[in-house]
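Novice: Before we start, here is the structure in question, set down as structure tokens.
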Amino acid sequence: MMTRRIVLLVAVLLLALLPVLNALPSSNPLHVSDFLVSIIGKWICYAILALALDLAWGYAGILSLGHGAFFALGGYAIGMHLMRLIGPRGVYGHPVLPDFMVFLGYRELPWFWLGFDWFPFAFLMALVVPGLLALVVGYLAFRSRITGVYLSIITQALTYALMLAFFRNDMGFGGNNGFTDFKELLGLPLNSGTTRAILFYAALVSLVVVFLLCSALTRTKYGRVLTAIRDAESRVRFLGYSVTQHKLFVFVLSAMIAGLAGALYVPLVGIINPGEFSPGNSIEAVVWVAFGGRGTLVGAVLGAFSVNALKTWLTSVAPDLWLIALGCLFVAVPLLLPKGLVGLVRRRKGKA
Amino acid sequence: MMEPEALATMPHAISTQGLYLDGVTVAFDGFRALNNLSLIVEPGELRAVIGPNGAGKTTMMDCITGKTRPGSGIVKFGDRDLTRMDEASIANLGVGRKFQKPTVFDALTVFENLELALKAPRNPIACIRWVLRGEARARIEKTMQEIGLTARAHDLAGLLSHGQKQWLEIGMLLMQDPQLLLVDEPVAGMTDHETEQTAALLTGIAGERSVVVVEHDLEFVKALNSRVTVLHEGSVLSEGSITHVQNDPRVVEVYLGR
Ligand SMILES: Nc1ncnc2c1ncn2[C@@H]1O[C@H](COP(=O)(O)OP(=O)(O)OP(=O)(O)O)[C@@H](O)[C@H]1O
Ligand SMILES: [Mg+2]
């Protein structure tokens, strides 16, 4: 237990060191590239998404194949804020309307864009919108006792439907181009190294906070109710627990965490488009968690980092192989590594 | 393992509500698992239910606990219509159930299984804020003693033997502090000694609470020393004392005589 904590602490400190090393002059042997910092910043956001998914799937048995949608909605909420902050600096120089609206002939801002110029509101929406969507979908599904593969299919259809919707220009979210060309956030220019470091730290701190939150939650009696629901849902009902209520609670919480991950991700990468809703993204997130070890928080984070490291490496040496590798992982992990990397480590330790 | 005074862990409400089933019919694809079944269990009564395999004993419990909705008929506990309530609400009304196939939560410890069953607010927020206090801990520890699992308190329930799982499930039932206990084949997989203890436990509970026990083991049923209902093909074939039903020729023909 103690060593585990120390390992985690060292890992966080090493990550925290990256922007510092990045600030060193490039002649210094310890200097790390902008590329590395930005890509690890992305992985940190993915790790938060993995935690969200693990909470729903690993602990409560809700295999969502649509968590990418909650992530993307969080990203869009912050993206709307970033678009509003561009102001007159857009190509068309309109004082209020983003470029794509001018281009599409909008006369005024649609009502659902109001308020997004204020950061606290946009940030809140990044959590509330995914949470509300999860509330509605979850309520309908859990109340009708839709579980297992049927629930997975519904969530997958949800993200697909949202992708198609966001591709449409008349939705008012920039169609297939989405949002980009952001200028600033909270008064900080997005192209500066300092801002990138701050965004990196924001993501890292969020990861630590979410991790601690999930860890505390899963240790409560509520966490044990979730485990019980995962393993014998109907038995839990006969003990007097409303399974619908408990599942809904964790599903909404999980969606909000996914939204947070998306909100941290978009300023880091500087773009959000409907591709983020693509069903493949949600499936990738499931592979991270499965590979790392579902039902353990460390596993989820480890899985997000390792599978994405593999993806980055493969897409640079053999871009065509990635989807095949992903497919292989999807099939091989449940067969060969049913408890993921964490299970492997535990088994080794158990033998020693 | 289990002393009669241990029953003092179930001190509360004296049952004032009876169970009332009238004309209950359940059909699966045209096959009537329950056929116009009527049964009354008085408050505080202990009732044994016997009958051949497939007689509808488990299906009857499914109807009482909200798992199965009868096609027709009345199922009432006190003045509450159970056919209109879901499983969780029925459980919270004070109807506890032990399943024929013991189902405990394998990934949780014995202690955690009992803690989950312990009567307490069931909503997510209350569960998050739940702190195990002395009184609750004492109740769980006492129940663990009654069911003889104190030494296994922190073992995963999945590691228990079949008989121990039966005990754990009985313990979980006690933790819920129910008014009506539905106990489906409690002694399967138990030794003779454990069977005797279970009979003592159930007779001790009755009086304060109503108890319905389904069991094939006739020695056990005799030890319960209660009214016996014989089910056959979904309805009541005979009802009365154990000697009465044992001497009922119809019962001998379909059940005992084989
Ligand atoms: N969900 C179901 N679908 C179809 N048939 C069912 C279902 N549940 C029970 N049955 C049938 O209803 C009949 C009564 O079953 P039930 O389990 O109530 O019997 P039982 O008296 O508990 O028997 P046993 O002593 O074997 O436990 C059986 O013939 C069974 O096959
Ligand atoms: Mg049965």
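Novice: For the stretch A:46-54, what does the Karplus curve 6.51 cos²θ - 1.76 cosθ + 1.60, with θ = phi - 60°, yield as ³J(HN,Hα) per residue in whole Hz, taken in order and with x for Gly and Pro?
Specialist: Result, ordered by residue: 4, 5, 5, 4, 4, 4, 4, 5, 5 Hz.
Novice: For the stretch B:191-258, give the magnitude of the charge dipole about the Cα centre (Cβ charges: +1 Lys/Arg, -1 Asp/Glu; no others), in debye to the nearest 20.
Specialist: Using only the charged Cβ atoms, the result is roughly 220 debye.
Novice: Please tell me which of these pairs span more than 28 angstrom C-alpha to C-alpha: A:K339/B:K142; A:K247/B:K142; A:K247/B:K119; B:K76/B:K142?
Specialist: Correct reply: A:K339/B:K142; A:K247/B:K142; B:K76/B:K142.
Novice: So, one more: Leaving ligands, DNA and RNA out of it, rank A:W111, A:W57 by accessible area with a 1.4 Å probe, largest first.
Specialist: These residues rank, largest area first, as A:W111, A:W57.
Novice: Which value, in debye to the nearest 20, describes the size of the charge dipole of chain B about its Cα centre when Lys and Arg Cβ atoms bear +1, Asp and Glu Cβ atoms bear -1, and nothing else is charged?
Specialist: Here chain B has a charge dipole of around 620 debye.
Novice: Quick one: which residues, 5+ away or cross-chain, put their amide H under 5 Å from the amide H of B:T68? H built at 1.01 Å from N.
Specialist: Under 5 Å from the amide H of B:T68 lie the amide H atoms of B:C63, each far enough along the sequence or on another chain.
Novice: Just need the relative contact order of chain B here, percent rounded to a whole number, with Cα pairs under 8 Å and 6+ apart.
Specialist: RCO, chain B: 29 percent.
Novice: Amide H of A:E184: which non-local residues (sequence gap of 5 or more, or other chain) have their own amide H closer than 5 Å, using H built in the peptide plane?
Specialist: Close amide H contacts, sequence-distant or interchain: A:L190.
Novice: Something else now. On average, how much accessible surface per residue is there in chain B, in Å², for a 1.4 Å probe, leaving out ligands, DNA and RNA?
Specialist: On a per-residue basis, 42 Å².
Novice: Would you work out which of B:V187, B:G56, B:T68 lies farthest towards the positive end of the dipole of chain B? Charges go on Cβ: Lys and Arg +1, Asp and Glu -1.
Specialist: B:T68
Novice: Counting only residues 5 or more places away or on other chains, whose amide H sits under 5 Å from the amide H of B:V236 once H atoms are built in the peptide plane?
Specialist: B:S38
Novice: Next question. Rounded, prolate or oblate: which fits chain A when a ≥ b ≥ c are the square roots of the eigenvalues of the alpha-carbon gyration tensor, with rounded for a/c under 1.5 and prolate only if a/b beats b/c?
Specialist: It comes out oblate by the Cα gyration axes.
Novice: Next question. Taking 18 Å as the cut-off for C-alpha to C-alpha distance, list the pairs among A:K221/A:K349; A:K42/A:K311; B:K57/B:K98; B:K98/B:K165; B:K57/B:K101; B:K101/B:K165 that go past it. Intermediate results must be reported in sequence, preceding the final value.
Specialist: Working: A:K221/A:K349 28 Å; A:K42/A:K311 13 Å; B:K57/B:K98 13 Å; B:K98/B:K165 11 Å; B:K57/B:K101 14 Å; B:K101/B:K165 10 Å.
Flagged as over cut-off: A:K221/A:K349.
Novice: At 1.4 Å probe size, with the rest of the protein present, what percent of the exposed accessible area of the stretch A:122-232 is carbon and sulfur atoms?
Specialist: 68
Novice: Sticking with this structure for a sec: Determine the relative contact order of the stretch A:43-276: mean sequence separation of Cα pairs under 8 Å and six or more apart, normalised by residue count, in whole percent.
Specialist: Numbers: 345 pairs, mean separation 101.7, N = 234.
Across the stretch A:43-276, relative contact order equals 43 percent.
Novice: Still on this structure, I have one more. Have a look at A:L199, A:C214, A:V20 and report the one farthest towards the positive end of the charge dipole of the protein assembly as shown, computed about the Cα centre with Cβ charges (Lys/Arg +1, Asp/Glu -1).
Specialist: Toward the positive end, the furthest listed residue is A:V20.
Novice: Next question, about the same structure. List the accessible area buried at the contact between A and B, summed over both sides and calculated with a 1.4 Å probe, in Å² to the nearest 100. Working shown, then result.
Specialist: Details: alone 17310 and 12080 Å², together 27010 Å².
Buried surface at the A/B interface: approximately 2400 Å².
Novice: What net charge is computed for the residues neighbouring B:V75, neighbours being all others with C-beta under 9 Å from the C-beta of B:V75, Lys and Arg scored +1, Asp and Glu -1?
Specialist: Result for the neighbourhood of B:V75: -1.
The values are calculated or read from the model by the stated rules, or taken from the named source; none is laboratory data. Computed from a predicted model, the values in this text were never measured in an experiment. Every residue, glycine as well, gets a Cβ built from its backbone with ideal geometry; the counts of neighbours run over all protein chains shown. Only protein heavy atoms, including side chains, enter the accessible area calculation; ligands, DNA and RNA are left aside. Shrake-Rupley method; radii C 1.70, N 1.55, O 1.52, S 1.80 Å.
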